[in-house]
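One structure below.
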Amino acid sequence: METVAVLGAGNMGTALAQVIAGNGRSLRLWSIETDVLEDIRDRRLNSKYLDGVPLHPSIEACWDVAQAVNGARLVIIAVPSHIVRTVARETAPHLAKGQAVLNVGKGLEEGSNLRLSEVMGQELPPSVRTGIATMGGPAIAAELARGVPTAVIVAASDRGIARTVQGTLQNDFFKVETTDDLPGVELAATLKNAYAIALGMCDGLGHGTNTKSFVASLALGEMAALCLASGGKEGTVYGLAGLGDLLTTGYSPHSRNRTLGEKLVTDPEWREFVRTRTVEGVATCEAAHQLAAAARLATPLLDAVREALSASERGEAMRRFLRQFAFG
């Protein structure tokens, strides 16, 4: 039986573990959170991150990363973007030639603005670097774990690696497309978090679907320009990694980025929300601003979100954007 390792037992890591185990693979799930692993081992639940979903009996909780990845055909790194380098570095000595490594985190490394596949490439052994892939697309973990029909896209420089990942993940309810546009998928999947904040701000200001759809179309234009300037394909933005993920992240009540946008203009204590949760769009705003500046691109919608994250009158940034740019 093929073995797969998932490093990170948060909501997405656990949801993917559930899917892969259901596909008939032997699944090892590793985490640094002892309480989560004990919950999985003893109760077949991950109450902290995926409450209410009984976990497949083939999911094995692992406390040791070397044990988790030993002999695994596919290793999935499912951790927040700011610790991808740490996990890749810790995992690197235990990987062997022929193993594929899939990243499902969405973000750019703070400080360097490197894409996460580039971060992994710096840390993983040369024999494994050609096996790096990334996943993008609209996938809410709680829905995926329950078997709700979901589609994502997997990108790798080696299309054969993308197809290997596809063969492991795909089933009757989980569709996996493949592409060799690694920069495009990573950038689209990252940028949509910042623009989902803008869509949440529309909710906080009481604007309806008309306004949100208008703002979403502007967001896609800025995302496409940023992707193209950074080595990706413009068309990737209008597929699952960009348009699909933006719709899910910008409209779902479960989205942390959308919720932050709403709180920015309604809740004076919004910083507490950021402090206690991983909200990737905050760091993405600054990284995307730097990418836009380097490429000399105008990104007025992104600028409005960035201003809202630092201004005292947070709602005014979006009002001014709509008034001056959109309808001026």
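You can think of it this way: the chain between W63 and S47 has 4.0 nm of extra reach, that is 0.36 nm per residue less the Cα-Cα gap. The simple Förster model, with R0 at 41 Å and r as the Cβ-Cβ distance, assigns V274 and N210 a FRET efficiency of 0.90.
Pairs of C-alpha atoms in the stretch 37-83 farther apart than 17 Å represent 46 percent of all such pairs. Which distance in nm do the two modelled labels at E38 and R159 give, with both placed 7 Å along the Cα-to-Cβ direction? Here the answer is 5.0 nm between the modelled labels.
The eigenvalues of the Cα gyration tensor, multiplied by 5 and square-rooted, give the stretch 195-235 an equivalent ellipsoid with semi-axes of 25, 9, 5 Å from largest to smallest. Computed from the C-beta positions of H289 and R129 and an R0 of 35 Å, the FRET efficiency is 0.75 to the nearest 0.05.
Here the stretch 22-171 is treated as a sphere whose radius is the Kirkwood value from Cα pairs; by Stokes-Einstein at 10 °C and 1.306 mPa s it diffuses with a coefficient of 98 µm²/s. Plainly put, the stretch 133-268 has a radius of gyration that is 1.01 times its Kirkwood radius, both from alpha-carbon atoms, as the Rg/Rh ratio. In this structure, the amide hydrogen of A151, modeled 1.01 Å from its nitrogen in the peptide plane, lies closer than 5 angstrom to those of K175, counting only residues at least 5 positions away or on a different chain. Using the average count of surrounding beta-carbon atoms within 10 Å as a protection proxy, the listed peptides 278-286, 239-247 rank, highest first, as 239-247, 278-286.
Fewest-first ordering of T130, T248 by other beta carbons within 10 Å of each residue's beta carbon gives T130, T248. Here the relative contact order of the chain, from alpha carbon pairs under 8 Å that lie six or more residues apart, stands at 14 percent. Note on the stretch 183-326: Cα convex hull, mean projected area over all directions, 7.6 nm². Convex hull volume per residue, computed on the Cα atoms of the stretch 15-66, equals 69 Å³. What the phi angles of the stretch 161-170 give under the Karplus curve with 6.51, -1.76 and 1.60, with θ = phi - 60°, is a coupling list of 5, 4, 5, 4, 5, 4, x, 7, 8, 6 Hz, glycine and proline written as x. Spatial offset of the stretch 19-69 relative to the stretch 262-280 amounts to 29 Å, using the alpha carbon center of each. Once backbone amide H atoms are built at 1.01 Å from N, N103 has I77, A133, T134, M135 as its partners under 5 Å, excluding neighbours fewer than 5 places away on the same chain.
Look at the alpha carbon pairs under 8 Å that are at least 6 residues apart: their mean separation over the length of the stretch 75-192 gives a relative contact order of 24 percent.
Each reported figure results from applying straightforward, stated rules to the coordinates on display, with no laboratory input. Bear in mind that the values here come from a model prediction, so they are computed numbers and not experimental data. We place every Cβ from the backbone using ideal geometry, glycine too, and count neighbours over all the protein chains shown.
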